[in-house]
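The values are calculated or read from the model by the stated rules, or taken from the named source; none is laboratory data. Note that the coordinates shown come from a computational prediction; the quantities given were computed from them, not determined experimentally. Counting neighbours? That spans all protein chains shown, and the Cβs are built from the backbone with ideal geometry, glycine included. Areas reflect the complete protein model, heavy atoms only, side chains present, ligands, DNA and RNA absent. Shrake-Rupley method; radii C 1.70, N 1.55, O 1.52, S 1.80 Å.
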Amino acid sequence: MSFLEEISKKILVMDGAMGTQLMDRGVRPEDCFDAVNIKKPEIVLAVHKAYVEAGADIIETNTFGANRIKLLDYGFEKKVHEINVAAAQLARKAIGAKGFVCGSMGPLGKMLDPLGEVTFDQAYEAFAEQAKALEEGGADVVSIETISDLQEMRAAVIAVKTETKLPVIASLTYDDGEKTVYGTTPEVAVAVLEPLGIDIISANCSTGPDGILRIAKRYLAATDLPVMVMPNAGMPELVGNQAIYKMTPKQFAAYAKKFVELGVRIVGGCCGTNPGHIRAVKSAVSPHPPTPSPSGRGGEEEPRRSAAGSSAFASRTKVVEVKSGVPLLIGERINPTGRPAFQAEIKAGKTRIIRQEAQTQTKAGADLLDVNVSVPDVQESGAMHEAVKAVSAASEQPLCLDSPNYAAMEAGLKTFCGRVLLNSVNGKKESIDKVIPLAKKYGAAIIALALDEKGLPQTADERVSIAERIVMSAVDKGISKNDIFVDCLVMTAGVGIAGCLETLKAIPKVKEILGVKTVLGISNVSHGLPERSKLNALYFQLAVSYGLDAAIVDVTDAEIRKTIKGYGVRGKGYGDREELLKEFKAAVEKVRRSGKPAEKRMKEISLSEYRKAGLSGYQDVRKAVIAGDSELVEALVRLALEKKMNPQRIIDQGLLPGMEVVGKKFNKKEYFLPQVIESAEAMTRGFQLCKEKIPKGKIKVAGKVLLATVKGDIHDIGKNIVKMMLENNGFAIIDLGKDVPPEKIIEAAKKERPNVIALSALLTTTMVEMGVVKEALEKAKLNIPLLVGGAVVTKGYADRIGAVYSLDAVGAVALAKKIMKAAKK
Ligand code: THG
């Protein structure tokens, strides 16, 4: 029978202390105990046999310090394999097939980063090396024990789970405050270690059986995992120069009985125990059938994980539970997007803003802290490592690691001592293949983004069907539905609210059909718009009314805080949904119309009045474009053409200068995205009318531009504005669309021979595709100027890849013109 099958049927007794037994047989305290396995194996064998004789079902190997970091102190660091294999074989020799061999793995004896010098990877390697040797020597299970640093335990558990097939016992040691010396409680240990796939949770050493009894109760209340205890024989008393454990076998066995009655499955002994104690334990617990744990768990057929419970997040010292009906608040402020000073700090390797944002958001009530450090030209995994350390020092809250970069995700997962939410996996094959195994390995919950190769979904049903694919893959890889948060993705209301409403509709569908939780990045909704707080708060409230379980929001924002408190997002009612919808629509309408007060009034002038007034100059056309008033632009241009004004001059002196002003207003944040779009549309309308009047051959073609949003990027708002601007400036456009692979760009460039190739990207991750295109152009010997732009693109990046950079669409036109001029010379 396998070890795990056996413990589901029967209480097992583990052996007792090893060190004192070795010393009784002549080993000196200053000797390397682990080396005795190969120097004097007969001594170790004798101790094992004494415990087998006493009735132990499990014999622990004499390998508590047999890792390369500890063995270095004795010059035995090259003997890790030999010692551990020999030790496992000795234990097997003693117990044979009658019982089990448990490989003992103690602490490394040096502190881990950030408190000490040992890195996560070094700890992982040391534990992996030892565990593999124990497995090779025939161990049935390993016990990672007497650990007080949860980070060291994480490294060890992940190493054993990844590198061997052995079941894992995770045994921490607590002080009398029922915390480890690093501040970890039994509940935190469960929240962090259970998702890593440990098989048994345990407490050993510590303060004697009384203290461990309280720990065992807390374990049993927190998890359905089997619980093990290995107490000391009471508290040591100092007699002369020696610590003496005075608890008798009889007293010790009385505790063992209590443990088993509580529901503990394995009892053994730590410091101060000897074969006498183990013999007494064996007779006290033997007749006892396993007591079901408080949550009613019994036989082996039941799921081992607490699958029914809600998911929990944790830091080294704090558990955050996800409750139904109360949205989890994820603070969004550790994110450098749109914040030049923050970006500069990350580039310089500083963490001042990160620490500040961590503190203020924690004070404001954030449950989790989103950590996003994506900045162009910065090695993101290094930045993530530093950011996670900084946040952990400034706040006790667990983290939501927000990155599209797999290496950065893994860096964050290693560095954070706790249980995180991983943000995010999307429906693309590569993302599923990379992110889900990371989440599984590091025990993270995941955000599943409703987005795939085809881009952003339009309808609620499309969102559900992408989410379904991700959820199925995740569940297939062993991730519980409790640990999946689907993000139905909301985009800016600046391009219309239809999409925002589809996102809302998808929330209850996803929950009902897929049985998972939901999350949204609320602030996206107001991107490029004024009065963001108001819109964000309204949409937040709406989303909660549709059943949203978690929200990435600015918890420090006054409107959001009012919403959380006043409207009772965390309490009872959420407000009337229909009312909220009306309010949201009105608010969006209002901001879409605002931003151009004086000019707007022009619309009230009727065409006949206008005729009488004789207003028809280029000035008026220009103003109407600035006002974004398509109707008026059309009227003015028609009248101007009626009067036989030169169409080319209407374009050059009315329409285009108007659009230039709009571009400037956009840069000064007087205008936002919706106004720019409206003005561009107005200009296009006027442009079409003028073009009809210009004889075919006489239309000035300013140049030919090949346009594309790069591979992997489905954001084409920016590219479309550039297109409109270029077209209206007389450029002929070949628009390859969004998510365009470099091969396609090269192919089109060869065929069309454009004067300029212009590329757009919104994301840091996809921006690098611009460099790929540049290289491909060079390889194909296509000497065509490359123009780049988009949210995250910088002049520095453009310089580096040998492209020219434009901040916005107006600049793009100017640059395209400049390129044409230069080419003519
Ligand atoms: N889904 C998931 N994760 C996400 C998002 C999502 N992470 C990122 C984002 N969207 C949510 N977080 C933010 C953070 C900041 C802003 C918007 C969303 C923001 N910042 C201002 C800007 O860019 O102009 C900065 C303003 C300032 O100076 O403070 O708008 O949807 N899963």
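Within the range 407-446, the set of residues being more than 23 Å from residue 188 (Cα to Cα) and in contact with an Asp or Glu (Cβ under 9 Å, 6 or more places away or on another chain) comprises 407, 408, 424, 426, 427, 428, 429, 431, 436. Please go through the range 738-769 and pick out each residue that is at pLDDT 90 or above, within 30 Å of residue 372 (Cβ to Cβ) and not acidic (Asp, Glu). Of everything in the range 738-769, those that are at pLDDT 90 or above, within 30 Å of residue 372 (Cβ to Cβ) and not acidic (Asp, Glu) turn out to be 740, 741, 742, 745, 758, 759, 760. The combined condition, being buried (at least 17 other Cβ atoms within 10 Å of the Cβ), within 16 Å of the ligand (Cβ to nearest atom) and assigned to a helix (DSSP H, G or I), is not fulfilled by residue 400. Restricting the range 57-94 to residues that are basic (Lys, Arg) and out of contact with any Gly (no Cβ under 7 Å at 6 or more places or on another chain), the residue that is farthest from residue 14 (Cα to Cα) is 78. Look at the range 694-735 and say how many of its residues are part of a loop (DSSP other than H, G, I, E, B) and buried (at least 19 other Cβ atoms within 10 Å of the Cβ). The qualifying residues number 7. Residue 84 passes every criterion in (1) surrounded by 24 or more Cβ atoms within 10 Å (Cβ to Cβ); (2) more than 14 Å from residue 103 (Cα to Cα) apart from (2).
Report, by residue number, each residue of the range 148-162 that is open to solvent by 10 Å² or more (accessible area, probe 1.4 Å) and either charged (D, E, K, R) or touching a Pro at 6+ places or on another chain (Cβ under 6 Å) (or both). If the condition is that a residue be open to solvent by 10 Å² or more (accessible area, probe 1.4 Å) and either charged (D, E, K, R) or touching a Pro at 6+ places or on another chain (Cβ under 6 Å) (or both), then 152, 161 are the ones that fit.
Of the residues that sit in the range 321-379 and are β-branched (Val, Ile, Thr) and open to solvent by 70 Å² or more (accessible area, probe 1.4 Å), which one is farthest from the ligand (Cβ to nearest atom)? Here the answer is 360. Screening the range 168-286 for strands (runs of 3 or more DSSP E) wholly inside it with 3 or more residues that are crowded, with 18+ Cβ neighbours inside 10 Å returns the ranges 168-172, 200-205, 227-231.
Restricting 333, 352, 419 to residues that are of a type in the set (Lys, Arg), touching a helix residue (DSSP H, G or I) at 6+ places or on another chain (Cβ under 7 Å) and under 19 Å from residue 551 (Cβ atoms) narrows the list to 333. Check whether at least one residue in the range 112-129 is under 23 Å from residue 220 (Cα atoms), of a type in the set (Ser, Thr, Tyr) and at pLDDT 95 or above, and report yes or no. Checked against the condition, which is being under 23 Å from residue 220 (Cα atoms), of a type in the set (Ser, Thr, Tyr) and at pLDDT 95 or above, the range 112-129 yields no hits at all. Tell me, which residue of the range 509-521 that is in contact (Cβ under 8 Å) with a residue 40 or more places away in the chain and among the β-branched types (Val, Ile, Thr) is farthest from the ligand (Cβ to nearest atom)? Step by step, filter the range 509-521, then rank; the result is 513.
Of the residues making up the range 531-557, those that are of a type outside the set (A, V, I, L, M, F, W, C), within 12 Å of the ligand (Cβ to nearest atom) and open to solvent by 10 Å² or more (accessible area, probe 1.4 Å) are 532, 533, 536, 554, 556, 557. Look at the range 1-22: where a residue is closer than 21 Å to residue 265 by Cβ and a partner is of a type in the set (D, E, K, R), sitting 6+ places away or on another chain with Cβ atoms under 6 Å, you get 3/140; 7/265; 8/300; 12/57; 13/57; 13/282; 15/60.
Taken as a whole, the structure leaves residue 140 outside the set of residues that are under 29 Å from the mean Cα position of the chain (by Cα) and over 24 Å from residue 30 (Cα atoms).
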